[in-house]
Amino acid sequence: MKLNDAKVLGDSYLKGFKLDNWKIEFQNKYHILATCYHAPAQVIKLSKWYVNLNDRDEISETLLHEIAHALVGSGLGHGHTWIKKAKEIGVINPTTRRDSSIFNRPKPNYTGKCSCSNKFGRIKKRKSNGFCSNCFMPIVWTCTKSNKVINFNH
């Protein structure tokens with residue numbers, strides 16, 4: 001979906017739910033699809049990459065998810081009140097963690113493996129190589145473009 005189309009869709013939802021002081025913006029985060037901020041400004045921020053890689057139905061679901069947060073107020077997280085509101089406004093799958101197989105993600109620039117063969121992906125360089133949470137061994141990173149091993153430690 002194009003960013004402008006997502007903004008128009010989001011603005012129409014805000015108007016429809018009478019969230020007149022709210023606005024839709026975009027952010028450059030890869031690991032967060034969208035965020036609802038109640039203060040200092042009332043804004044829903046969508047990840048640019050997420051919007052660009054996904055279709056209208058997927059973006060609509062995410063916008064409604066965040067609008068449910070706007071409607072119930074800050075501090076309620078994904079509890080019973082939020083779930084009830086999310087279902088009420090048409091969120092199909094009101095969960096805190098979405099199954100990443102149902103939406104498109106950017107391809108990683110770096111892939112990593114550890115001793116127990118866990119696999120990792122990164123868009124940006126890390127400050128350190130890190131350790132596997134399963135085997136506690138260092139992660140070995142490879143650049144997907146050059147296929148060269150990368151050492152992030154500095």
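Some points to look at:
- Filter result for Lys84 (closer than 27 Å to Leu14 by Cβ and of a type outside the set (Val, Ile, Thr)): yes
Residues are listed down the side, and each one gets a yes or a no for (1) over 30 Å from Gly121 (Cβ atoms); (2) loosely packed, with under 15 Cβ neighbours inside 10 Å:
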position: Leu19; (1), (2): yes, no
position: Trp22; (1), (2): yes, no
position: Cys36; (1), (2): no, no
position: Ala39; (1), (2): yes, yes
position: Tyr50; (1), (2): no, no
position: Glu66; (1), (2): no, no
position: Ser74; (1), (2): yes, yes
position: Ile83; (1), (2): yes, no
position: Ala86; (1), (2): no, no
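- Of the candidates Leu46, Leu71, Leu64, the single residue that is under 12 Å from the mean Cα position of the chain (by Cα) and modelled with pLDDT of 95 or more is Leu46.
- Residue tally, condition assigned to a helix (DSSP H, G or I) and of a type outside the set (D, E, K, R), over the range 38-52: 4
- Hits in the range 4-37 (condition: in a loop (DSSP other than H, G, I, E, B), closer than 21 Å to Val91 by Cβ, in contact (Cβ under 8 Å) with a residue 24 or more places away in the chain and under 18 Å from the mean Cα position of the chain (by Cα)): Leu33
- Only one of Thr111, Thr62 that is more than 29 Å from Thr142 (Cα to Cα), among the polar types (S, T, N, Q) and either surrounded by fewer than 18 Cβ atoms within 10 Å (Cβ to Cβ) or in contact with a Phe, Trp or Tyr (Cβ under 9 Å, 6 or more places away or on another chain) (or both): Thr62
The values are calculated or read from the model by the stated rules, or taken from the named source; none is laboratory data. All values derive from a computational prediction rather than experimental measurement. Cβ: placed from backbone, ideal geometry, glycine included. Neighbour counts: every protein chain shown.
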